[in-house]
């Protein structure tokens, strides 16, 4: 059964509302130089609800991001963007002006980072994001700032990435209003677990289970990098509802 494509009452809603409704959503990573035909084929055949592009471990320019987001918009594909560094959280609003649907902030360890991310993600009165940017998602269809702000409140998706046992332990605290997902960085988390052999969390799966449990009943969901479609059921059984898989155009020919 293709759980991620199964129709639900939430499927007509925005991606943000679908996440919050607990709909199972699968995305795929993509390079910013991906060809339009490849992106369209992978999303269609893979049944993906969004694509994820990265600047933390990959080269990018703002022009590349604008071009990729415009391609995504033409295909009706949500583009989620991981910023280059935790300390770049102050740039979240600026980067959103370039067209992505959402932002992932890596290696989050403190409340201050989460608060800064939320503040720069949302417009006033909820946040402090500055008004402007001709490349913003959906701008052409909204007649004024009131309509666009409402659209963004219902559409923009914010992930806070946890990559250490201490961050995982604070997952519920990080699930502040406006945070849609607590996402995982499995490799950095594995390295941190190895440095804390006496910690109750002995594996990434232990950490995922903990996050699912403490976030149960909240608006914030768990996103995990399951990497391959074969691993979906394992994490569905854990209660994960948002997943991210590797880019593999060959698989979906």
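Every read-out reported here was derived from the displayed coordinates using simple, explicitly stated rules and does not represent laboratory data. The model shown is predicted, which means the values in this text are computed figures rather than measured ones. For neighbour counting, all protein chains shown are included, and Cβ atoms are generated from backbone atoms with ideal geometry for every residue, glycine included.
Figures for the structure shown
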| item | result |
| --- | --- |
| Protection proxy ranking, peptides 61-72, 201-212, average beta carbon neighbours within 10 Å, highest first | 201-212, 61-72 |
| Solvent-free Debye scattering, log10 I(q)/I(0), computed from the Cα coordinates of the range 47-162 at q = 0.12, 0.15 Å⁻¹ | -0.39, -0.62 |
| Centroid-to-centroid separation of the range 137-192 and the range 22-65 [C-alpha atoms, Å] | 17 |
| Rounded D (µm²/s) - the range 132-191, Kirkwood Rh over Cα pairs, Stokes-Einstein at 37 °C, 0.692 mPa s | 239 |
| Volume per residue of the C-alpha convex hull in the range 14-245, rounded to whole Å³ | 115 |
| Residue 41 versus residue 166: modelled label distance in nm, points set 7 Å from Cα along the beta carbon direction | 4.7 |
| Sequence of 218, 164 once ranked by neighbouring C-beta atoms within 10 Å, starting from the fewest | 218, 164 |
| Residue 236-residue 62 pseudo-label distance in nm [points 7 Å out on the Cα-to-Cβ vector] | 4.2 |
| Using a Förster distance of 35 Å, the FRET efficiency for residue 209-residue 144 (Cβ separation, nearest 0.05) | 0.20 |
| Values of log10 I(q)/I(0), in the order q = 0.11, 0.21 Å⁻¹, for the range 27-111 under a Debye, Cα-only, solvent-free model | -0.28, -0.94 |
| Inter-site label distance for residue 13 and residue 85 at 7 Å from Cα along Cβ, in nm | 3.7 |
| Per-peptide average of other Cβ atoms within 10 Å, ordering 234-246, 144-156, 43-55 highest first | 43-55, 234-246, 144-156 |
| Fraction in percent of alpha-carbon pairs per bin - 10 Å, the range 141-253 | 13, 38, 29, 15, 5, 0 |
